[in-house]
Structures are given as C-alpha cells and as structure tokens.
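Read the structure below first, then the notes.
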Amino acid sequence: MVAFAAKDAGTLGEAHMRKLGIDWVTFEGRRLPYRSAKAGEHHRLIVAAMRAKLEQNPRVREVLLSTGDLVLLPDHVQEANAPPEWLYCRIWMELRGELNK
C-alpha cells in the first residue's frame, strides 16, 4: 500500500489496537513499542527499511537526490506528537543528507 491507502489502513489498524489494548508491534518475534516519545527500536527498524529501499532501488535514490535541499513535507496533516518513526519526510531528508556527504 502507498499514500492515502496506507495511511487509512494504519489509522484503522491503530483503532483496532487501541480497542484491544495493544501498544506494540512485532518484528522477528520481538515486541516493539508502537508509539515512542523518542526514537527507539521501532524507529531504527523503520530507518533501516527505508535505507534498504534506497540502496536497492536506484530510481528512489535518483528521485531523492533530485529534491536538492527542499524541505520534504507529508501530504497529510500529522499529529503534533507523532512518534519519530512516523516522520517519514524527516527520515528521507536525513538519508538524503547522508548521500550528499
């Protein structure tokens, strides 16, 4: 899923998790906090996945670098206290900065 379909699925999933009292996700059999106030294991996992996408797809690298020093912003309103792992635009800008070094 991409874009608004992914956002809508995440919103629905989070509502179900809240109803069930679940505040974690799993990866490789380990529970990770779902909404962290500061960057933690879930954030590191998201960054690693985004970095892998960048390394495996030359077109993604090309498009990201073509943005130059533009400030990337989400195409939707993010909540004020969004966990660091949800700030994809910020993560992409950090990865772009690494590429430009």
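The values are calculated or read from the model by the stated rules, or taken from the named source; none is laboratory data. All values reported here derive from a predicted model rather than from experimental measurement. Cβ coordinates were reconstructed from backbone atoms using ideal geometry, including for glycine residues, and neighbour counts include every protein chain displayed. Only protein heavy atoms, including side chains, enter the accessible area calculation; ligands, DNA and RNA are left aside. Shrake-Rupley method; radii C 1.70, N 1.55, O 1.52, S 1.80 Å.
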Which order do you get for 61, 51, 44 if you rank them by accessible area with a 1.4 Å probe, largest at the top? 44, 61, 51
Taking a ≥ b ≥ c as the square roots of the Cα gyration tensor eigenvalues, with a/c under 1.5 meaning rounded and otherwise prolate when a/b beats b/c or oblate if not, the chain comes out prolate
Output the relative contact order of the chain, whole-number percent, from Cα pairs under 8 angstrom with separation of 6+ residues. 24 percent
Distant-in-sequence amide H partners of residue 25 (H built 1.01 Å from N, under 5 Å): 32, 34
So what is the 222 nm mean residue ellipticity for the chain from helices alone, if each DSSP H run of at least 4 adds -39500 (n - 2.57) and you divide by all residues, rounding to the nearest 500 deg cm²/dmol? -17500 deg cm²/dmol
Under 25 Å between alpha carbons, and skipping anything fewer than 8 positions from residue 53 in its own chain: which lysines qualify? 7, 38, 101
Charge tally in the Cβ shell below 11 Å around residue 17, where Lys, Arg are +1 and Asp, Glu are -1, residue 17 excluded: +1
Compute the long axis of helix 88-99 from its Cα atoms, compare it with the longest principal axis of the Cα atoms of the chain, and write down the angle in degrees, 0 to 90, nearest 10. 40 degrees
For residue 1, net neighbour charge (Lys/Arg +1, Asp/Glu -1) across residues whose Cβ lies under 14 Å away: 0
